[in-house]
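One structure is given here, and the rest of the page talks about it.
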Amino acid sequence: MAKRKICVVVTARPSYSRIKTALSAIQAHPDLELQLVVAASALLGRYGTAVRVMEQDGFEIKAKVYNVLEGGGLTAQTKTTGLGIIELSNVFENISPDAVVTIADRYETMSTAIAASYMNIPLIHIQGGEVTGNIDEKVRHAITKLADIHFVSSRRAHERVIRLGEATDKVFQTGCPSIDLANDILSDTSLDFNPYQKYGGVGGKPDFEKGYCVVMQHPVTTEYQASRENVEETLFAMKNLDMPTFWFWPNVDAGSDGTSNGIRSFRENHEVDNFHFFKNMDPSDFLKLLFNSKCLVGNSSAGIRECSFLGVPVVNIGTRQTGRERGDNVLDTEYDRLSIQQSIQKHLDNGRYSRSPIYGDGTAGIQIADLIASLPLTYSKVLTY
């Protein structure tokens, strides 16, 4: 029997960690053939060239799709989505997959979902059914309605996808593959690399041996015009805290230029020798960096997902993760430097939290590959409600 050809489209830096263990499991499965397509910001140096990490991890890239229009605004975001539909349609026609896998909720994933759906290719969606506070939620639910098979991360997400009208025999609570990576590092959580030497970056090189924070703050597309002033509040908070801080550049969302320009301007006008900036890291190294930190600050979903599993304290700023299930490790605050500082201090006084399995037990990748190999891969022409 011929192997099933499974096309997985990775479009952004965080998407790779959300699917890496599933890629490995699909690649290793005797009944499956992995067709890895890399697109959008995952190909760009400005956002960390995630494709290089994939290649270093031993994955063969079947096709590359360059579709990002720069500009950091709503029009560029919309046109990037449209170009993605056009280019991915060509790729799907050339490689003829038996199914397409799309990940999470970024606007580029909408391109994948639309192209596969209109070409009658069964669509598999990872991480549907979750609730957040920006445009990603609309995208996520729209992809749910386009998808034929759903691999969700949590119990509530499973219930929500079914309430959206999807058939119960097409929805599976596998957990999130990023939790697999978090589970893997528990066997050796030591920070066994020097971030400066291995990943370069820019900024000061503070001594982090006695403790440090990590910052990941992305623009919120529905608040993109305020992205610069929002990140400035975090910048002032971290400067006043005066702890070694590893800061990661934002995703390619509307408002990313405002966030980036805010950071650059702050560096030019203030002494911030305690800040060091990175574009990207290998997912396992990043998780070790998180595990050994005193606190993650910002609005990344890593604070909600991986950090809950690892028990890492998190200060979640603003609305980007509103509504998402979270553990006791998360303190929510507004874009206010004093509130951010006070929340960080509460975590510093409390220390590490108990680990939570909200988003999985560390076996998602294998579950996903086994299900893809065994389930009927059919395009749902009619849905029954």
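Listing for the model above:
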| quantity | calculated |
| --- | --- |
| Matching residues, region 291-303, being buried (at least 24 other Cβ atoms within 10 Å of the Cβ) and not polar (S, T, N, Q) | 295, 296, 297, 298, 302, 303 |
| Near pairs, Cβ below 9 angstrom, 6+ apart or cross-chain, from region 186-203 (within 20 Å of residue 311 (Cα to Cα)) to any residue that is not in a helix (DSSP H, G or I) | 186/355; 186/362; 189/292; 190/292; 191/208; 191/292 |
| Residue among 130, 159 that is of a type in the set (D, E, K, R) and in a loop (DSSP other than H, G, I, E, B) | 130 |
| Hey, residue 235 on the phi < 0 side of the Ramachandran plot, in a helix (DSSP H, G or I) and touching a strand residue (DSSP E or B) at 6+ places or on another chain (Cβ under 8 Å) or not | no |
| Residue among 263, 344 that alone is out of contact with any Gly (no Cβ under 7 Å at 6 or more places or on another chain), at pLDDT 95 or above and either of a type outside the set (Ser, Thr, Tyr) or assigned to a loop (DSSP other than H, G, I, E, B) (or both) | 344 |
| Residue identified as modelled with pLDDT of 95 or more and not aromatic (Phe, Trp, Tyr) among 220, 214 | 214 |
| Residue 136 at pLDDT 95 or above and not assigned by TED's automatic domain parsing to the domain that holds residue 322 | no |
| Residue among 263, 162 that alone is farther than 18 Å from residue 48 by Cα and of a type outside the set (Lys, Arg) | 162 |
| Answer residue from region 35-82, given it is of a type in the set (Lys, Arg) and touching a helix residue (DSSP H, G or I) at 6+ places or on another chain (Cβ under 7 Å) and is farthest from residue 23 (Cα to Cα) among those | 64 |
| Region 69-98, residues that are at pLDDT 90 or above and within 22 Å of the chain's Cα centre (by Cα) | 78, 79, 80, 81, 82, 83, 84, 85, 88 |
| Checklist (1) in the same structural domain as residue 124 (by TED's automatic domain parsing); (2) charged (D, E, K, R); (3) assigned to a loop (DSSP other than H, G, I, E, B) applied to residue 370, failing item | (3) |
| Some residue of region 268-285 being assigned to a helix (DSSP H, G or I), without any contact (Cβ under 8 Å) to a residue 12 or more places away in the chain and either within 21 Å of residue 196 (Cα to Cα) or among the charged types (D, E, K, R) (or both) | yes |
| Enumeration of residues in region 68-126 that are small (Gly, Ala, Ser) and closer than 20 Å to residue 45 by Cα | 71, 72, 73, 76, 84 |
| Hits in region 151-171 (condition: among the acidic types (Asp, Glu) and in contact (Cβ under 8 Å) with a residue 24 or more places away in the chain) | 159, 166 |
| Filtered residue count, region 221-234, keeping only those that are crowded, with 23+ Cβ neighbours inside 10 Å and either free of Cβ contacts under 8 Å to residues at least 60 places away in the same chain or basic (Lys, Arg) (or both) | 2 |
| Selection from region 336-383 of residues that are free of Cβ contacts under 8 Å to residues at least 40 places away in the same chain and of a type in the set (Ser, Thr, Tyr) | 339, 343, 374 |
| Members of region 1-39 that are assigned to a loop (DSSP other than H, G, I, E, B), among the charged types (D, E, K, R) and buried (at least 23 other Cβ atoms within 10 Å of the Cβ) | 18 |
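The values are calculated or read from the model by the stated rules, or taken from the named source; none is laboratory data. Predicted model, so just to flag it, every value in this text is computed and none were measured. Cβ atoms come from the backbone with ideal geometry, glycine included; neighbour counts cover every protein chain shown.
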